[in-house]
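Just below is one structure, and these are the notes that go with it.
The values are calculated or read from the model by the stated rules, or taken from the named source; none is laboratory data. Since this is a predicted model, take the numbers as computed values, not measurements. Cβ sites come from the backbone with ideal geometry, for glycine too, and all protein chains shown count toward neighbours.
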Amino acid sequence: MNLSRSPYIIEVDDATQTGSKIELFLGADVGTANPTYTLSKLIPASNNTKTFYNISPYVREYYSFTVYQFPLGLAYGVDTNTDYLVDYEVKSYNLIGGTYVLDTTETGTFVDGFNYYMDGYNATTPIALLDEGTYLYNYDATIPTTQGNGLWGSFDCELSIGDAVKYTDLVTGATFTETAITDGVKSYARAYLTYAPNGNKVEILLGGVTERWTAYFKPQCEPKYKPVVVDFLNRYGSWSRIFFQKVNKRSVSVKTNEYKFNPASLPFTPSDNGQIKEFNTNGTETIKLNTGWVNDNYADYIQQLMLSERVTLLDYDYNSSYTPVKVKTKTLKKQTGLNDGTINYTLDFDFAYDLINTVV
């Protein structure tokens, strides 16, 4: 799958062309005769016939994202919600002798992720839409799995028929394997239900045999604080989850406009009306969260959270619903165990709405 938050370049070139065009089909238009967009341009010069089109901005208009959705916690091979995917088809044409001639046809799927500069252009997602590494989740048997913060989250991967996802209990060595019976993007729980108290290794096996991806998911029990769950779209355009296990603090910031109120007549009699009046008063709320002790690979994980454009938060002490937020913290020191010993990340989040409802 391709990443639409970074440029995705279509190159059209023929030594005899004087120009080119592409027909871009998105979503429901794929497979029809009506392109969603048609783009064209002339060649730069007779000795430079290459033409380039960046289709990412057009793709980004076609994600649904109608509601804030979050990772599942008990899914094993469930088809991923298609709100996060945009199918596309590109037909490229050479302009030769005043006539457009079909050159190539390309099809595929986009997710709303990004690649880093050093990855080059037209980078694609790996088989799993999550980096290999070790991830921590909250486990507390007293929190029912009907509560969102009682679930350990999920990861998405692109599988073919016969590929498998294998769970191995980190204590007992017991295994559970789920084999894909259809092609497509699937969601899998980060921990198998009966392995959640111990944690597990998760492997993606091509054809059910060849190991392609491995990650470890380990439980943390926080006896003092109720964890706050933050879900976000990671660099691969897939929902990821971070548990902030330690102390959290909320604060409110209020903004207002003022004007001076003049009495109706002079001399005036002081009254409780005062002289300065406020209007358009509203406020926003901020929450400061701490991850608790995490490992080295969380540096990039936190970076992906800070670069995400879709973040939601669940704090059961205040609300049982997922709440849209934005990351207020804009700088962060990347910590390592060698340099910093135990690692804890502190981030501030602004709730993405005014306290007083002003929606009209």
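Overview of results
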quantity	calculated
Number of positions in region 1-25 that are assigned to a strand (DSSP E or B) and touching a strand residue (DSSP E or B) at 6+ places or on another chain (Cβ under 6 Å)	12
Residue that is surrounded by the most Cβ atoms within 10 Å (Cβ to Cβ), among those in region 215-267 that are assigned to a strand (DSSP E or B) and among the basic types (Lys, Arg)	Arg241
Failed item, numbered, when Thr82 is tested on (1) under 26 Å from Ser160 (Cα atoms); (2) of a type outside the set (A, V, I, L, M, F, W, C); (3) touching a helix residue (DSSP H, G or I) at 6+ places or on another chain (Cβ under 7 Å)	(3)
Members of region 337-359 that are on the phi < 0 side of the Ramachandran plot and more than 24 Å from the chain's Cα centre (by Cα)	Gly337, Leu338, Asn339, Asp340, Thr342, Leu355, Ile356, Asn357, Thr358, Val359
Whichever residue in region 137-149 is over 18 Å from Tyr188 (Cβ atoms) and more than 21 Å from the chain's Cα centre (by Cα) and, among such residues, is modelled with the highest pLDDT	Asp140
Hey, Leu24 surrounded by 14 or more Cβ atoms within 10 Å (Cβ to Cβ), more than 30 Å from Ala180 (Cα to Cα) and among the aliphatic types (A, V, I, L, M) or not	yes
Any pair with Cβ under 9 angstrom, 6 or more apart, that starts in region 43-65 at a residue that is among the small types (Gly, Ala, Ser) and ends at one that is surrounded by fewer than 14 Cβ atoms within 10 Å (Cβ to Cβ) and at pLDDT 95 or above	Ser56/Ile9
Qualifying residue in region 256-275 (condition: touching a strand residue (DSSP E or B) at 6+ places or on another chain (Cβ under 7 Å) and acidic (Asp, Glu))	yes
Residues located in region 214-238, provided they are hydrophobic (A, V, I, L, M, F, W, C) and under 16 Å from Ala191 (Cβ atoms)	Ala215, Phe217, Cys221, Val229
Scan of region 226-247 for residues that are basic (Lys, Arg) and either under 11 Å from the mean Cα position of the chain (by Cα) or within 12 Å of Phe155 (Cβ to Cβ) (or both), ordered by number	Arg235, Arg241
